[in-house]
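Nothing in this text is a laboratory measurement; each read-out follows from the coordinates by a stated rule. Given the structure is predicted, the values throughout are model-derived calculations rather than measurements. Quick reminder, even Gly has a Cβ in these numbers, built from the backbone with ideal geometry, and neighbours come from all protein chains shown.
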Amino acid sequence: MHLGLGSNLGDRMRALERALDAIGRLPTTSVTRRSRVYETLPEGVADQPLFLNMVAEIETALAPLELLEAAKRIERAMGRRPGLRWGPRVIDIDLILWGPRIVREPALDIPHRAFRERAFVLAPLAEIAGDAVDPVTGRTVADLAAATPFEGRVALRP
């Protein structure tokens with residue numbers, strides 16, 4: 001299972017670390033790999049601070065909707081409040097891929113419907129799971145990343 005994490009308010013790096021720590025403390029869940037951190041341009045609403053984004057690979061026995069609810073609890077506990085769609089946020093945790101699973105629920109889509117077009121997800125995901133296969137398109141993450149323009153949108157954080 002792969003999660004995308006992003007932050008563009010406050011101490012962005014600390015927010016990512018806190019979220020990873022909280023995810024690793026969920027029942028039957030462990031963080032097994034993590035990408036490096038990328039600084040990325042905001043998408044959707046341009047007039048906001050730059051994001052820090054990364055991807056984490058986890059192992060969990062939680063069901064998809066249980067994991068989603070846990071991620072939303074972590075976001076709320078870290079200070080995320082409802083606001084402008086695609087607007088600034090202290091933390092954002094998205095469920096991106098879950099191996100070959102396809103989940104379509106009113107509150108949850110796995111694979112994440114927009115991940116194929118999002119350089120801020122594909123760059124870190126390709127770093128740790130380039131050979132992972134999108135079960136909808138049959139394409140590898142590396143192939144999806146190679147077809148997505150990163151120039152000027154995503155930069156590895158020094």
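Note the listed values (i) 8.7; (ii) 9.3; (iii) 10.1, then indicate which one is mean projected area of the Cα convex hull in nm² calculated from this particular structure.
Computed from the coordinates, mean projected area of the Cα convex hull in nm² corresponds to (i).
I need to check one value: relative contact order of the chain, counting alpha carbon pairs closer than 8 Å and at least 6 residues apart, in percent.
Values: 298 pairs, mean separation 44.8, N = 158.
Computed over the chain, the figure is 28 percent.
Among 144, 10, 56, which residue has its Cα positioned farthest towards the positive end of the charge dipole of the chain, with +1 placed on the Cβ of Lys and Arg, -1 on the Cβ of Asp and Glu, and the dipole taken about the Cα centre?
So the residue we want is 10.
Please give me the summed charge of the neighbours of residue 115: other residues whose Cβ is under 11 Å from its Cβ, Lys and Arg +1, Asp and Glu -1. Provide the component values of the computation, followed by the final result.
On the way: positive: 113, 116, 118; negative: 94, 109, 117, 134.
Once all neighbours under 11 Å are counted, the net charge is -1.
Say we join alpha carbon atoms closer than 10 Å with springs in a Gaussian network model of the chain; which of 129, 146, 22 then has the biggest fluctuation?
Comparing 129, 146, 22 in the GNM, the peak value goes to 146.
For the chain, give the magnitude of the charge dipole about the Cα centre (Cβ charges: +1 Lys/Arg, -1 Asp/Glu; no others), in debye to the nearest 20.
Working: 22 positive and 21 negative charges, 79 e Å.
So the dipole magnitude of the chain works out to roughly 380 debye.
Among the GluC sites (Glu not before Pro) within segment 1-107, which fall in a DSSP loop and have no more than 15 other Cβ atoms within 10 Å of their own Cβ? Present the calculation step by step, with values, prior to reporting the outcome.
Details: sites: 17, 39, 43, 57, 59, 66, 69, 75; in loops: 43.
In loop regions of segment 1-107 (DSSP not H, G, I, E or B), the sparsely surrounded GluC sites (Glu not before Pro) are 43.
Please report the net charge: other residues with Cβ closer than 14 Å to the Cβ of residue 10, K and R +1, D and E -1.
On the way: positive: 12, 14, 18, 80, 81, 89; negative: 11, 17, 75, 92.
Overall, the nearby charge balance is +2.
I want the local charge near residue 132. Using Cβ-Cβ distances under 13 Å, sum +1 for each Lys or Arg and -1 for each Asp or Glu among the other residues.
Numbers: positive: 33, 101, 116, 139; negative: 57, 127, 131, 134, 143.
It works out to a net charge of -1.
Expressed as a whole number of Å, what is the distance separating the alpha-carbon centroids of segment 1-46 and segment 92-145?
Here the answer is 15 Å between Cα centres.
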